[in-house]
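Notes follow the structure.
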Amino acid sequence: MGISIPDKKLAGIYCKMLERLNKEYPKRFWNWLSIFQRALDKEITEADDNISGIWVRCNEGSATLMVFLGGLKIYEGLVLRGYGLYNTAQKKLK
């Protein structure tokens, strides 16, 4: 068993990731994603669930901060890919 990582530290890192994503957040993205990009929506949901599991393991000391950061990177990358698809789709409508 490794060293337990406290919620406060994990929450701070998680919030910084969300702040980065919110800077680029297109309106109505999540609704569009659930309708037009169901496979990606599922991947994002699974990545989010994975982060939750890693978070618990970090609290228990069975996952490292690097594992947590890796999970966040995957989630952020998927969401940014979705933003790109959404923005491309919106441009085609104009």
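Given R₀ = 22 Å, FRET efficiency for Lys27-Lys91 by Cβ-Cβ distance, to 0.05?
0.90
Provide Rg over Rh for region 25-94; use the alpha carbon set for both Rg and the Kirkwood Rh (inverse mean inverse pair distance).
Rg divided by Rh gives 1.11.
Could you work out [θ]222 nm for the chain from helices alone, using -39500 (n - 2.57) per DSSP H run of at least four and dividing by all its residues? Round to the nearest 500 deg cm²/dmol.
-28500 deg cm²/dmol
Values quoted throughout were computed directly from the atomic coordinates according to the rules given, and no laboratory measurement underlies them. Only a predicted model underlies this, so the values are computations on that prediction, with no experimental measurement involved. Note that each Cβ is placed from the backbone with ideal geometry, even for glycine, and that neighbours are counted across all protein chains shown.
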